[in-house]
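Remarks on the structure that follows.
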Amino acid sequence: MSSETEGSVSQIVTKIAEDHQHLEGPLLPILHAIQEQFGFVPQDAEPVLAQALNLTRAEIHGVVSFYHDFRRAPAGRHILKICRAEACQSMGGEANARHLLDKLGLNWGETTPDGRITVEAIYCLGLCATAPSALLDGEPVGRLDAGTLESLAMDAA
Amino acid sequence: MKIYVPQDMASIAVGANRVAAAIAAEAQSRNIPVTIVRNGSRGLFWLEPLVEVATASGRIGYSCVTPADVPSLFESRFFDGGPHPKCVGHVDQIPYLAKQTRFTFARAGLIDPLSLDDYRHHGGGKGLETALSLGPSGIVAAVKESGLRGRGGAGFPTGIKWETVARAAASQKYIVCNADEGDSGTFADRLIMEADPFMLIEGMVIAGIAVGATKGYIYTRSEYPFAIQVMERAIVIARYAGLLGSEIGGSKYEFDLEVRTGAGAYVCGEETSLLESLEGKRGQVRAKPPLPAIHGLFGKPTVINNTISFASVPFILAEGGKAYADVGYGRSRGTMPVQLAGNIKYGGLFECAFGVTLGELVNDIGGGTASGRAVRAVQAGGPLGAYFPTSLFDTPYDYEEFAKRDGLIGHGGLVVFDDTANMAAMARFAMEFCALESCGKCTPCRIGAVRGAETFDKIAAGVEPEKNKALIRDLCETMKFGSLCALGGFTPYPVLSALNHFPEDFVPAPVRRAAE
Ligand SMILES: Cc1cc2nc3c(=O)[nH]c(=O)nc-3n(C[C@H](O)[C@H](O)[C@H](O)COP(=O)(O)O)c2cc1C
Ligand code: SF4
Ligand code: FES
Ligand code: FES
């Protein structure tokens with residue numbers, strides 16, 4: 001990363017940290033806000049946060065790495081999160097997902113080489129009575145089958 | 001003309017927003033004035049999107065509506081309740097709904113979730129009124145009398161928990177709502193937040209008054225963006241109406257609320273892990289004691305309860321602890337919102353008194369599988385719950401009866417599998433999930449679960465299956481007794497129940513084929 005963008009990461013992160021200073025236990029809301037801003041939690045954010053919150057860098061890193069939500073690198077333009085939990089499995093969700101991943105040539109968590117779409121696993125969306133389910137860029141979709149899941153992923157430009 | 005189109009996450013997932021837009025456009029082009037209310041779901045998810053219209057004789061429903069149905073609905077004058085192939089008649093007479101005992105979900109789907117007028121018009125706020133007149137000790141007494149047990153899984157008596165916090169002396173106490181709802185097969189917390197958020201606020205305010213806490217948090221999962229949005233709006237509205245803040249309802253009590261969002265860690269549903277996470281730390285489980293009631297959030301006495309536990313309280317205060325305790329089975333008093341999920345014909349939320357049997361829930365109410373095949377297994381109580389075979393379908397829905405059969409009720413989820421399910425794969429998944437979500441504090445959970453998944457792979461490949469099955473059983477013993485929390489401690493439930501009730505699935509694939 002160039003020093004110019006580093007500067008801006010640091011500025012933006014400092015601002016986000018300041019905006020959340022009034023909260024009790026502000027770190028998770030801050031990390032969510034950072035991910036919202038950048039699409040991931042940049043490595044450079046960690047020392048800035050450590051200083052702002054009076055914690056060690058290791059502590060910040062420990063928190064970021066604990067939670068599945070926080071991405072360490074940018075994702076594709078679209079993010080498809082497919083539910084892999086039991087209720088979706090009972091409705092054939094795994095086979096649908098396998099079919100799609102094979103078609104895209106991806107493993108779980110990977111992004112297509114053109115950067116178009118990232119496919120991630122998620123464990124239950126609370127849509128278990130309209131399974132199998134997925135989230136495309138935050139939009140919930142239920143009652144999927146192999147065909148509808150595939151077009152969902154393929155039609156996202 | 002009032003037309004209701006649900007906007008809970010499940011209804012949106014099956015197209016409710018497109019239906020609402022199509023109705024608005026069609027109404028405009030036909031010059032018919034309609035008011036579209038975005039209600040929560042009734043919880044009859046197999047009917048979603050369920051469009052309802054208010055008529056003189058009550059609400060009439062049209063199920064599984066798609067945008068393509070909209071022109072013909074208008075031709076049929078559905079806005080007056082006109083006949084149409086998708087009409088399901090009076091919604092409150094649909095047997096699935098009529099058979100329920102809706103103490104907690106009485107308003108779900110009926111009202112506009114963010115209308116305080118609607119809320120009050122349908123009985124909302126009465127619990128708080130009674131609570132203010134009873135005062136702290138009277139509230140605790142009512143909750144104790146109701147027999148309410150925590151709906152998050154462990155079933156601990158809520159009144160006793162509140163009493164402990166009430167007695168603890170501290171300058172600051174907290175109320176924390178566990179809305180992390182990570183169990184597959186569950187959506188009751190989500191439905192409360194999306195369909196009737198003021199009820200949750202009311203329950204938490206009552207808890208605050210009871211124990212002397214002035215600050216509350218609702219910790220929910222990032223997978224529930226709609227619930228977060230509705231709760232946040234409801235909090236602002238409640239504050240504006242004087243239901244939060246200082247001098248609540250004109251009293252001397254003060255209480256305020258904040259929503260916090262998790263970050264995709266199942267273990268953060270465990271209460272001490274949740275508190276760590278709220279404090280901005282890794283969600284690592286704390287050793288107990290000290291209990292959160294004494295040493296909770298930021299070290300202060302804290303009531304931490306499940307969403308449904310808090311949401312049950314307004315009814316208990318309004319109608320009396322006895323009215324709640326009057327229904328139920330054994331030591332399981334009141335109602336449970338059972339969540340019928342997975343491969344089931346009539347998937348949805350069914351609130352009923354404890355004591356109904358598992359078979360009644362799955363077959364009579366749930367209609368068996370969605371696929372039309374035979375039911376093979378039902379996982380009760382989420383990913384840490386046992387797989388029940390149909391031979392145990394006479395089990396009454398009750399904490400103790402489930403425990404007797406090495407199972408648990410948990411948060412009320414039932415996930416149905418048909419006869420194509422591979423129970424060895426499900427047992428392996430339980431280990432894999434535990435490994436993935438382990439907080440890492442204890443070895444049996446962190447390492448044991450990884451070993452468990454590997455061992456299942458060996459069994460599937462036909463490598464020393466008998467020896468490896470014995471190894472799994474050993475591993476389960478170690479996890480049961482050597483784990484700090486129920487993630488490692490209860491993963492043996494799904495694993496062993498699959499192994500014990502479906503041994504035929506644990507024969508290596510080539511052998512199984514030869515035997516067929
Ligand atoms: C791994 C794990 C996950 C849990 N997840 C939840 C959850 O999502 N929601 C919940 O209310 N309780 C959950 N619990 C149970 C809580 O630890 C705790 O018992 C509950 O919040 C207490 O509230 P209650 O008495 O109202 O049930 C979980 C427990 C474990 C061990
Ligand atoms: S059993 Fe697992 S999740 Fe629970 S405290 Fe131990 S390592 Fe953490
Ligand atoms: S298991 Fe997939 S949405 Fe609940
Ligand atoms: S009530 Fe709708 S067709 Fe009869």
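The values are calculated or read from the model by the stated rules, or taken from the named source; none is laboratory data. Bear in mind that the values here come from a model prediction, so they are computed numbers and not experimental data. All Cβ positions, even for glycine, are placed from backbone atoms using ideal geometry, and neighbour counts span all protein chains on display. Surface areas here come from the heavy atoms of the whole protein model, side chains and all, with no ligands, DNA or RNA. Shrake-Rupley method; radii C 1.70, N 1.55, O 1.52, S 1.80 Å.
What does the structure give for B:13-24 when I average, per residue, the other chain Cβ atoms found within 10 Å of the residue Cβ? Could you put the intermediate results ahead of the total?
Numbers: counts 14, 7, 3, 0, 1, 0, 0, 0, 0, 0, 0, 0.
Average neighbour count from other chains, rounded to a whole number: 2.
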The range B:16-73-the range B:222-280 distance, computed between alpha-carbon centres (Å): 31
Rank B:Val450, B:Val338 by accessible area, highest first, at a 1.4 Å probe radius? B:Val450, B:Val338
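Counting DSSP beta bridges with both partners in chain B, what percentage is antiparallel, nearest 5?
Details: 29 of 53 bridges.
That works out to approximately 55 percent antiparallel.
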Can you pull out the trypsin sites (Lys or Arg not before Pro) in the range A:25-74 that DSSP calls coil and that have at most 12 other Cβ atoms within 10 Å? A:Arg72
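As an exercise, identify the trypsin sites (Lys or Arg not before Pro) in the range B:269-359 lying in DSSP coil whose Cβ has no more than 14 other Cβ atoms within 10 Å. The partial results should precede the final answer.
Numbers: sites: B:Lys281, B:Arg282, B:Arg286, B:Lys322, B:Arg331, B:Arg333, B:Lys345; in loops: B:Lys281, B:Arg282, B:Arg286, B:Arg331, B:Lys345.
Taking the range B:269-359 and a limit of 14 other Cβ atoms within 10 Å, the loop trypsin sites (Lys or Arg not before Pro) found are B:Arg331.
Chain B: percent of C-alpha pairs farther apart than 28 Å? Write out the running numbers ahead of the final one.
Details: 74444 of 132870 pairs.
When all Cα pairs of chain B are counted, 56 percent exceed 28 Å.
At a threshold of 8 angstrom on Cα-Cα distance, excluding pairs fewer than six apart, so keeping six or more, what relative contact order does the range B:1-59 reach in percent? Walk me through the numbers on the way to the answer.
On the way: 76 pairs, mean separation 32.5, N = 59.
For the range B:1-59, the relative contact order is 55 percent.
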Express in Å², to the nearest 10, the accessible area of B:Glu254 obtained by rolling a 1.4 Å probe over the protein heavy atoms while all chains stay in place. 100
Let me have the 222 nm mean residue ellipticity of chain B computed from DSSP H runs of 4+ only, each contributing -39500 (n - 2.57), with the sum over all residues rounded to the nearest 500. -12000 deg cm²/dmol
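Tell me, what is the percent relative contact order of chain B, built from C-alpha pairs under 8 Å that lie six or more residues apart?
Numbers: 1108 pairs, mean separation 68.5, N = 516.
Contact order relative to length: 13 percent.
For A:60-66, what's the mean count of beta carbons from other chains sitting within 10 Å of each residue's beta carbon? Don't skip to the end; give the middle numbers.
Working: counts 1, 0, 3, 7, 2, 1, 13.
Across the residues of A:60-66, the mean count of other-chain Cβ atoms within 10 Å is 4.
Out of the DSSP beta bridges found with both residues in the protein assembly as shown, what percent are antiparallel (nearest 5)?
Counting DSSP beta bridges with both partners in the protein assembly as shown, the antiparallel share is about 55 percent.
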Considering only protein heavy atoms, what is the solvent-accessible area of B:Asp256 at a probe of 1.4 Å, reported in Å² to the nearest 10? 50
Farthest toward the dipole's positive end in the range B:54-102, which of B:Gln93, B:Gly81, B:Thr66, given Cβ charges of +1 (Lys, Arg) and -1 (Asp, Glu) about the Cα centre? B:Gln93
Distance from the range B:109-133 to the range B:304-353 (C-alpha centre basis), Å: 18
Checked against the positive end of the charge dipole of the range B:42-170 (+1 on Cβ of Lys and Arg, -1 on Cβ of Asp and Glu, about the Cα centre), the farthest of B:Gly43, B:Thr130, B:Val140 is B:Val140
With charges only on Cβ, +1 for K and R and -1 for D and E, what is the dipole size of chain B about its Cα centre, in debye, rounded to 20? 720
I'd like to know which of B:Phe354, B:Ala435, B:Tyr399 lies farthest towards the positive end of the charge dipole of the range B:353-455, counting +1 on Cβ of Lys and Arg and -1 on Cβ of Asp and Glu. B:Ala435
If you take each beta carbon of peptide A:20-29 and count the beta carbons of other chains within 10 angstrom, what is the mean? 5
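So what is the relative contact order of the range B:420-516, in percent, for Cα pairs below 8 Å that sit 6 or more residues apart?
Working: 121 pairs, mean separation 35.0, N = 97.
Relative CO of the range B:420-516 lands at 36 percent.
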Among the listed pairs B:Lys144/B:Lys300; B:Lys126/B:Lys322; B:Lys126/B:Lys215; B:Lys173/B:Lys322; B:Lys215/B:Lys480, give every one whose C-alpha distance is greater than 25 Å. B:Lys173/B:Lys322; B:Lys215/B:Lys480
